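Visitor: Handing you a structure now.
The values are calculated or read from the model by the stated rules, or taken from the named source; none is laboratory data. What you are looking at is a predicted structure, and each value in this text was computed from that prediction instead of being measured. Positions of Cβ are generated from backbone atoms using ideal geometry, with glycine treated the same way; all protein chains shown enter the neighbour counts. Side chains are part of the model used for accessible areas, which takes the heavy atoms of the whole protein and leaves out ligands, DNA and RNA. Shrake-Rupley method; radii C 1.70, N 1.55, O 1.52, S 1.80 Å.
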Amino acid sequence: MTKLSYGLVIMIFFVAKSMADDGMAETLQMLHDTCVGETGVAEDLIVEARIGNFADDPKLKIDDGNIDVETIVAVLPQHIVGDAEPIIRSCGTVKGSDDCDTAFQTNKCWYNGVPQHYMLA
């Protein structure tokens, strides 16, 4: 995935739980379907990750280890910025064994910091 795609996927994590707009729901579903189609990740792994059970499966990991904190913070819905921004900034980029694992470890950090706003779409 490209850095831009990664940013869009990350946006899904924080927006999905708080969205009410049907148009946004359709967009997020499209991004979900694209990501699942590209990675082949099993839906049950996504369901488990939504509640904090992150399987160490390469298909659940994203292959771009560059975490653009400023972009992620910029797309956060205003009503969760106060809770999510400090966690995103404090996690920064959690280095893993490779780029893919870095993205995975960073997402786990975000979940642990703000589980109420985290949603793996």
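Visitor: Sort out which residues of the stretch 39-61 are in a loop (DSSP other than H, G, I, E, B), open to solvent by 80 Å² or more (accessible area, probe 1.4 Å) and closer than 20 Å to residue 98 by Cα, and write them in order of number.
Guide: 56
Visitor: Turning to a different aspect of this structure: Looking at the stretch 97-113 only, could you name the residues that are open to solvent by less than 30 Å² (accessible area, probe 1.4 Å) and either within 12 Å of the chain's Cα centre (by Cα) or farther than 21 Å from residue 48 by Cα (or both)?
Guide: Selection gives 103, 104, 106, 107, 110.
Visitor: Here is a follow-up. Of all residues in the stretch 65-104, how many are without any contact (Cβ under 8 Å) to a residue 12 or more places away in the chain and among the polar types (S, T, N, Q)?
Guide: So the count comes out to 2.
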